[in-house]
1. Where residues in the stretch 365-404 are basic (Lys, Arg) and at pLDDT 80 or above, which of them is surrounded by the fewest Cβ atoms within 10 Å (Cβ to Cβ)?
2. Counting only residues that are among the aliphatic types (A, V, I, L, M) and either touching a helix residue (DSSP H, G or I) at 6+ places or on another chain (Cβ under 7 Å) or at pLDDT below 95 (or both), give me the strands (runs of 3 or more DSSP E) lying completely in the stretch 204-317 with at least 3 of them.
3. Is there any pair with a first residue in the stretch 310-339 that is closer than 28 Å to Glu292 by Cβ and of a type in the set (Lys, Arg) and a second that is surrounded by fewer than 18 Cβ atoms within 10 Å (Cβ to Cβ) and modelled with pLDDT of 50 or more whose Cβ atoms are under 8 Å apart and which are 6 or more apart or on different chains, and what are they?
4. Among residues belonging to the stretch 99-123 that are surrounded by fewer than 12 Cβ atoms within 10 Å (Cβ to Cβ) and without any contact (Cβ under 8 Å) to a residue 12 or more places away in the chain, point out the one that is nearest to Gly244 (Cα to Cα).
5. Give, as residue ranges, the helices (runs of 4 or more DSSP H) completely inside the stretch 392-493 that count at least 2 residues that are over 33 Å from the mean Cα position of the chain (by Cα).
Amino acid sequence: MTTKTQSETMMNLHQCLGSSLLLAVASAQQQQNDHSYDYNSFNQRTYGLDISFPITTPHVSSNYDYLPHNNPQYASPSHPNYVAVPEEFKHMALQRLGDRQYFYDHFMEGCRHHYAAHADYCDETEEERIDMNLRQPPSMMNYTELGFVKVNAPKKVFAALQKFWEENSGSGNEHAEDWDEGNTYTNHWDVPTFMLDVADEKFKGGGEKLQKLIWDGAKSTLEKWTKETLQPCSLYGIRKYGEGAVLAPHVDRLPLVTSAIINVAQDVDEPWPLEVYGHDGMAYNITMEPGEMILYESHSVVHGRPFPLKGRYYANVFIHFEPVGHSVDHGFDPEDETHMATIQDIKSGFNKGLPPYIIDGSLEAAVWRRDNPEHWEHKHKYEADEEEGTGANGAHYASNIGDVEKLTWIIENPQHRKEMIHEHDYNGWLPIHEAARGGHEEIVELLLEHGVDINERTDFGEGQSVLNLAYDYHEEDHPFIQFLLQLGAEDLDSEEEL
C-alpha cells in the first residue's frame, strides 16, 4: 500500500469515512472558522481528528491556534490585519494540544531505532492502522447510539479479578508481551507491557473457572447493552502498562466487534484517559477507576491512549466478542420466513456470506471476501441436535435469549428430544442456568413445567444452584431474584450441599 499525502487523503475522505468521522471533520473545520470550542455530550471540550495522534492521515495537525490566520481578532476580511487561511490549512483541524507532531515523530523514531534491521515494518504497521481507521468504521453495523459506555463491572467478576491480581501480580508471574516486529500499537520498545494470564492454573485462583466467570459476566453485560447474541472471541490476561506507555488510536481487527475493558488495578499520578471517537463524531476522554468497565464497539469506534501514562502502572483486562447475527430480543425462529430457511443459509450469516456486522457493498466487505473465500460461519448452528464446540443444544440457545416460542417448539416437536432441556453443555450448564443468567422468568416457568428442578446446579450437579448463579448477574432486589425466591429456590454455591 502506498502512503497517501495529507491533501490526497483529505480529498478522499468523503469516499472513505463514515458519518461519525465525517462529523468529526466538519466539527474541526467549524472550530477553525469561528475559533470556538466544541463540547461533547459529556460536556468535555472536544477536538477533531488527527489532533492528538494520526488517525486518518500520516500526520498530526500543525494548524496551531497561535498562527496568524487563527487569531480571532483578525477573522474578518475587512480587518486591516486580516490573514486568509493558507491552502495547506484549509482542511486541517485546529490544533490546541501543542506540537503533537514532534511527539509522534519521536514515537516513530523509537520504533525504527528498536527494529533497525526492519525499520520499514514500523511504517508499514502505521499505514495499515490508518487504513483500517479509514476503511472499517463506515463498513460496520453499529448496535448502540454512541458506541461506548462506562459502567461498573459485575461485582463478582471484579472481586475475583482483584483477588487474582493481589495474589499473583509481580515480576515473577507477569511475562513481557512479545509484539510482532514493527508493531506500533504500543511503544513497547520504550515501555514493555506485561501480561498476567488469568487462565493459567499455576497461579492461585487462575484457570478455567476464573476465565468462565469473566467471559460470562462480560457477555451478559454486553448483550444487554447491544441487544445482540454474542460469542466469545478473545480474553487477554491482565495487561500491565508502565510509566510513559502510549496506545495508538485504532479500531480492532475483526472479528473483535463488541468489547469490554475492566480496570483491575492502578498506581497513577493522574488519570490515564481512554480517547474514544463516538458515533456522534466527537472525541471523548474517559477515565476509569478500579472496578469500572468500558463497553465499546471496538470494530467501529476509534480508541486509544495517545497521552503517556503518568504513574507506576495501569492494569486492565480486555474481553472481546462477535455478534452471531441474532437479536437478543427476538432470537432465531426456524419457521419465520424472514430468517433464512436452510442450515447453509444460517452458516452464511444471513448476509450473503458476510459476517452480520459487515455492511454488504462496503470497502470492508470487499476486503473480507478477498481474504475469506469461504462463507462466514459462527460457532452456533442453531440446530436441535447438540452443537459442536460448546456442547450446547437448541434448548440452551433458546433459554439464553429468552425465546419461549423456540423452546416450546423444541419441547413439543416430535423430531426433537424433550430430554434436551435436561442435557448439560461441555461446561456442565443446563438450559435453566442460561435462563438464570439472562433473567428470563417465562423460560424458567416453562422448564419447571416440564420437570426441571429449580435447584439444578452447574458443573454437572456440583456447582452453583440456579439462585446462586442468578446473584452473579442480577442485584438482590431484581425482580428475577424475587421470582426465584418465591419459587423456593435455594442459594447454594459449589461448596454447599442441599
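1. To start, the set of residues in the stretch 365-404 that are basic (Lys, Arg) comprises 369-370, 379, 381.
Okay, now just the ones that are also at pLDDT 80 or above, so 369-370.
Working: Arg369: 16, Arg370: 8.
Applying the filter and picking the extreme gives Arg370.
2. Details: elements: 228-242, 247-250, 258-268, 274-277, 283-286, 292-297, 303-305.
Output list reads 228-242, 258-268.
3. Lys310/Glu243; Lys310/Val268; Lys310/Asp269; Lys310/Glu270; Arg312/Gly242; Arg312/Glu243; Arg312/Asp267; Arg312/Val268
4. His106
5. On the way: elements: 394-401, 404-412, 431-438, 441-449, 458-461, 466-473, 479-486.
Ranges flagged: 404-412, 441-449, 479-486.
The values are calculated or read from the model by the stated rules, or taken from the named source; none is laboratory data. On a predicted model such as this, the values are computed, not experimentally measured, just so you know. All Cβ positions, even for glycine, are placed from backbone atoms using ideal geometry, and neighbour counts span all protein chains on display.
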